[in-house]
Amino acid sequence: MELTKSTIEDIDTQQMWDLLVDFPNQWNEAVETTEQLEISLDPKKIKTICIAGMGGSAIAGDLIQAYTKDTAPVPVEVVKGYEVPHWVNEETLMVASSFSGDTEETLAALRQARKKGATPVAITAGGELMLRATRDHFDYFKIPSDIRARAAVGYSFIILFRIFQKLGFLNEGREALSETRQFLENQVELLSNHRDNEALTLARDLAETLPVVYTNNNFMKAVGMRWCTQFEENSKTLAYRNEFPEMTHTEIVGWERVAHLTGRLSILFLMDREDGDRIEQRMNITRELIEDQADSIIILKTRGESRLTRMFSLIQLADWTSFYLAIINGVDPSPVAKIDLFKSKLAESPDLGSGN
């Protein structure tokens, strides 16, 4: 299938293309508007951090948790549900992230955390969450409401980045933010060439297959998660992921009986220089053992100097690859009809008391 601008515009009726092209500007705007971020927070008081969110509103939490895994001196947990951990208390920073502001799981988790005395912070475009923050006088950060949650990761991540900066939980700062911005700008010029680019080539390789994404269990874990969720929401195709070294203790055995799936599985190894020799050896051996069962095996390595740039180098590539795969599949990348249908059916069900 040869893509033309006209073909893309006919399928992409809600202009996801424009959001992807604009991502470097989103990044720059988020960095500039949060440079003097004000927040009522005593770093000495915070002993634990809980970030609540669902779907596209949760990915920034996953990323910051993974990004600060070896620098944050306190536990950081991302909650994707109604309940907060038992340990949440008055020494917990509770970040509620909901693009719509009406996500019932996130609102329920926030309510629980506040009852336990946690310090609340909200990241939202409006809705009930903003009303609660305004009414109860706790900090909130408003993000633009004219885009989809999964396309607002620049805004939501940078806000969390700034909060962690204020807490002193980051090793990287202004230079990493600047390098990442420049990288995103350079790459968008290449990836938006719809005639020939890396993301389009990847999408064509992945067409008509189920992508399986493997990463190390470091900050790349969240990057692998982003690849899968973008395949699912943008491309409307199932995707699966796992991490090293765990998969070599369990899942690798499952590859013995996939004959019925031969030619239908594409494997993506997302690699970074922090993986280390033993993880790289495990990945290499795994490739040897499963290559006969896979339609294709694709190795993608992060690019850039800072950890931040390397992380977002593959996040940007995931966004564009899933977009092109959607166009190849002939589906509009923006709508999520199954989620909308699910929500409408859930709204018809009796409220059994979620705490919302």
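Key figures
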read-out	value
The listed residue being closer than 24 Å to Arg273 by Cα and of a type in the set (Val, Ile, Thr), out of Thr237, Thr209, Thr248	Thr248
Test set (1) closer than 24 Å to Phe183 by Cα; (2) of a type in the set (S, T, N, Q); (3) modelled with pLDDT under 95 - Gln65 fails condition number	(3)
Residue list for the stretch 106-131, filter: open to solvent by 30 Å² or more (accessible area, probe 1.4 Å) and of a type outside the set (A, V, I, L, M, F, W, C)	Arg111, Gln112, Arg114, Lys115, Lys116, Gly117, Gly127, Glu128
Test: Arg181 is in a helix (DSSP H, G or I), under 25 Å from Asn234 (Cβ atoms), of a type in the set (Lys, Arg) and open to solvent by less than 20 Å² (accessible area, probe 1.4 Å)	no
Qualifying residue in the stretch 39-53 (condition: at pLDDT below 95, surrounded by 14 or more Cβ atoms within 10 Å (Cβ to Cβ) and not aliphatic (A, V, I, L, M))	no
Qualifying helices (runs of 4 or more DSSP H) (wholly inside the stretch 2-109; at least 3 residues being of a type in the set (A, V, I, L, M))	16-21, 59-67
Helices (runs of 4 or more DSSP H) contained in the stretch 222-329 and holding at least 3 residues within 21 Å of the chain's Cα centre (by Cα) and under 22 Å from Ser192 (Cβ atoms)	307-329
Restricting the stretch 162-178 to residues that are part of a helix (DSSP H, G or I) and open to solvent by 50 Å² or more (accessible area, probe 1.4 Å), the residue that is nearest to Lys69 (Cα to Cα)	Gln165
Unique residue being in contact with a Gly (Cβ under 9 Å, 6 or more places away or on another chain), of a type in the set (Ser, Thr, Tyr) and either open to solvent by less than 50 Å² (accessible area, probe 1.4 Å) or at pLDDT 95 or above (or both) when the list is Thr92, Thr34	Thr92
Residue match in the stretch 244-254 (condition: under 17 Å from Ile327 (Cα atoms), among the β-branched types (Val, Ile, Thr), open to solvent by 10 Å² or more (accessible area, probe 1.4 Å) and at pLDDT 95 or above)	no
So Asn186, is it loosely packed, with under 15 Cβ neighbours inside 10 Å and either of a type in the set (S, T, N, Q) or not in a helix (DSSP H, G or I) (or both)	yes
Filter pass, Trp320 being at pLDDT below 95 and either open to solvent by less than 50 Å² (accessible area, probe 1.4 Å) or in contact with a Phe, Trp or Tyr (Cβ under 9 Å, 6 or more places away or on another chain) (or both)	no
Evaluation of Gly154 against (1) over 24 Å from Thr229 (Cβ atoms); (2) of a type outside the set (Phe, Trp, Tyr); (3) outside any loop (DSSP other than H, G, I, E, B); (4) at pLDDT below 95 (one fails), failing number	(1)
Inter-residue pairs, beta-carbon under 7 Å, first under 14 Å from Met247 (Cα atoms) and in the stretch 262-289, second open to solvent by 40 Å² or more (accessible area, probe 1.4 Å), 6+ apart	Ile267/Ile297; Phe269/Ile299; Ile279/Pro245; Arg282/Pro245; Arg287/Ile297
Residue count for the stretch 225-243, restricted to those that are among the charged types (D, E, K, R), over 14 Å from Ile327 (Cα atoms) and touching a residue at least 40 places away in the same chain (Cβ under 8 Å)	1
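The values are calculated or read from the model by the stated rules, or taken from the named source; none is laboratory data. Only a predicted model underlies this, so the values are computations on that prediction, with no experimental measurement involved. Cβ coordinates were reconstructed from backbone atoms using ideal geometry, including for glycine residues, and neighbour counts include every protein chain displayed. Accessible surface areas use protein heavy atoms only, side chains included; no ligands, DNA or RNA. Shrake-Rupley method; radii C 1.70, N 1.55, O 1.52, S 1.80 Å.
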